[in-house]
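To keep things clear, I will list the structure first and then write my remarks on it.
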Amino acid sequence: MEHLYIFDTTLRDGEQVPGCQLNTIEKIEVALALESLGVDVIEAGFPVSSPGDFEAVVQIAKAVREPIVCGLTRAVEKDIEVAAEALKSARRARIHTGIGTSPYHIQLKLKSNPEEIIERAIHAVKYAKRFVEDVEFYAEDAGRTDNEYLARVVEAVIKAGATVVNIPDTTGYCMPYEYGAKIKYLVDHVPNIHKAILATHCHNDLGMATANSLAGVMNGARQVEVTINGIGERAGNSSLEEVVMAVRTRKDFPVITTINTPLIIQTSRMVSSLMNMPVQPNKAIVGRNAFAHSSGIHQDGVLKNRENYEIIDPVSVGVDESSIVLTARSGRAALKHHLDRIGYRYTNGNLDEVYNRFLEMADKAKQISDSDLLQLVGKDQTSGVLVSLKLLQVLAGMSTTPMATVHLMVNGVEKAATAEGNGAFDAAFKAVTMIIDEPFELDEFLIQAITRGSDDVGKVHVRIKGRNRIYYGFSADTDIVTASVKALIDALNKMTGSYDE
Ligand code: KIV
Ligand code: ZN
C-alpha cells in the first residue's frame, strides 16, 4: 500500500467562497483541527492576496507542527517572495505556484502563447526553489488542457525542481474516465514523472469532484487536494471525507491515508459552523441523514445486522451510532428498539397495540421523539417533560460581564439561578447547570440561521453527555440565546426522561 497524501485546501480554496471568510483566530482553530485529523498538507492561504491572508499563513505556520504548511502564489516573483516570507516559521513549508495551461487561459486570460507559458512556469518553480525545497506546481485548468502539451509542461517543471505537480480540473469539466486517462497519460509519457508526486485538484461543477479525484488515484496520483464538507468555489471542491472514506471502504485503491477518521464529524461540524456553511442533510459521510434509516425494511435490516444497509460503520467517522428515525414508515423493529432504549421492554406479544397507536401518532407528526414515545406508552407527558423554561433574561454586550437569569419549572416546581459567563449563552448555560442537580456535559453546540437577515430564525442543535449516554436537543427561535437554552432543555428532558441501564 502506498501513502496517499491528503492536501487540505479548506482554508484557501474553501475560504474563497463568499460568506465563508474566517478571522485569523478561527483559521488557526481550523488548522489545529486539521492537524489532529491527520492531514499531510494544509494550504493556509494566498499570502499576497491580502494582509489578512498573509497574517493567517504566518500564524498557522507557527501553530501547527506536523503537517506541511503551504502558501499559494501565481507564477509571479512578488507572490513567491511574499509567500516565502509568510512561511518563514513553518517547520515544513511548501510554495504552491502555477499558471494557466488551457487554450482559454493562455489566449484569453494571459494573452500569451504555449511556449512562453512553459518558460514562465519554469521560472516560477526555479524562483520558488530559492526559498523552499518543497515546491508544488499547478497547471491551472489542466482539465481542459491538451494532454500532449500538459505532459511537456509537467516534464519542464519537474526538471526545474517541482516536488509535486498538481493537475487541477479548475472548471469541474472532466468526466472520471477522462480525468483518470489524463493522469495515466502523464504517468506514461512524462519521462521524469517518478521524481514528483502527481496531485488531483477537482472541482464539483458537474458533481464529479470526488469521482474524478478517485479516478486520478486509480491511475497514479498520490496526492488529493480536498476540502472539509467539499466547500469551495462555485459547486465546491472534492470533499476530504468522501475521498478518504472511499479509499478506506473500497478495496480498489492501492493506497492508505493517515486520516484519523473518528474525528471527521467533529471537524465537519466545526468548519460548517465557523464558515456559516450548513451541510446538506443528505451529504455523504457528514450529512445529518448519512446514517439515518427511516423506512421499515431498512430499519429492520440494520437492527438485525448493521452491514445489511450500511457500508461504513458510523463510529469510524465519529457518529455514535446509526440513527433509526421513527416516522410513519418505521416498522415494529424500530419502535421496539427505541422503546428498549428509553427503558420500556415490549415483547412481540404486546407490541402490536402500541405499534398501532404509534402509527396514528406518526401520521400526524413528521418524526417521533422520545417524549412522544413516553406519551405513547402511557407516561404522563407533563411528568415526562420534567424541565421547561419559564423565564430567561440576559445582560450582554461590550464593556459588561455577560449575565443570565433563568427560571425553570422542574417537576412542577419553579427554580431560579443567576450566573455570569464569557457570553450570553455561556451565562445562561451555567444558570441552567446550577438548577439541574445532575451532572451533564455540553458536547456539541451548533447554531444555524434558517434564512438571511437580522430578524432571522436561528436553529440550534446541542448534544449533551449524561447518564453515560448522548442526548440531542433542538430548538428554533428568533432570539438565538432563547433557542440555545431551549435546545439545551430539550436535551435535558430526554436525559431526565430516560432510564439508567
Ligand atoms: O482550481 C484551481 O485551479 C486552483 C489552483 C489555484 C490550484 O485552485
Ligand atoms: Zn481550485
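Remark: spin-label model distance Tyr177-Asp477 equals 5.7 nm, labels positioned 7 Å along the Cα→Cβ axis. The alpha carbon centroids of region 95-167 and region 272-326 are separated by 42 Å. Between Lys159 and Gln367, the FRET efficiency estimated from the beta carbon spacing at R0 = 56 angstrom works out to 0.40.
Using θ = phi - 60° in the Karplus curve 6.51 cos²θ - 1.76 cosθ + 1.60, the 3J(HN,Hα) couplings for region 178-184 round to 6, 5, x, 5, 5, 5, 4 Hz; x is entered for Gly and Pro. Sequence-ordered 3J(HN,Hα) estimates for region 219-233 from the Karplus curve with 6.51, -1.76 and 1.60 and θ = phi - 60° stand at 9, x, 5, 10, 9, 10, 9, 9, 10, 5, 6, x, 5, x, 2 Hz, glycine and proline given as x. Residues Cys174, Cys70, Cys20, ranked from the fewest to the most other C-beta atoms within 10 Å, line up as Cys20, Cys174, Cys70. Do the alpha carbons of any pairs in Lys430/Lys465; Lys126/Lys184; Lys88/Lys159; Lys465/Lys494 sit beyond 19 Å of each other, and which pairs? Cα-Cα > 19 Å for Lys126/Lys184; Lys88/Lys159; rest within. Whole-percent P(r), region 2-274, all Cα pairs, 5 Å bins from 0: 1, 7, 14, 18, 21, 19, 12, 6, 2, 0.
Only DSSP H runs of four or more residues enter the estimate; each adds -39500 (n - 2.57), and after division by the residues of the chain the mean residue ellipticity at 222 nm equals -11500 deg cm²/dmol.
Across all Cα atoms of region 292-376, the radius of gyration (one decimal) and Dmax (whole number) stand at 12.9, 38 Å. Ordered by the number of other Cβ atoms lying within 10 Å of each residue's own Cβ, fewest first, Lys78, Lys126 fall into the sequence Lys78, Lys126. The per residue volume of the convex hull around the alpha-carbon atoms of the chain is 163 Å³. Angle between the Cα long axis of helix 209-218 and the longest principal axis of the chain, 0 to 90 degrees, nearest 10? It works out to around 60 degrees.
Each residue in Glu241, Glu81 was given a count of other beta-carbon atoms within 10 angstrom of its own, and listing them fewest first yields Glu81, Glu241. With the simple spin-label model, which puts each label point 7 Å out from Cα in the Cβ direction, the Lys62 to Glu133 separation comes to 2.5 nm.
Just so you know, all these numbers are worked out from the coordinates, no wet-lab data involved. Being a predicted model, the structure only gives us computed values, none of them experimental. Cβ: placed from backbone, ideal geometry, glycine included. Neighbour counts: every protein chain shown.
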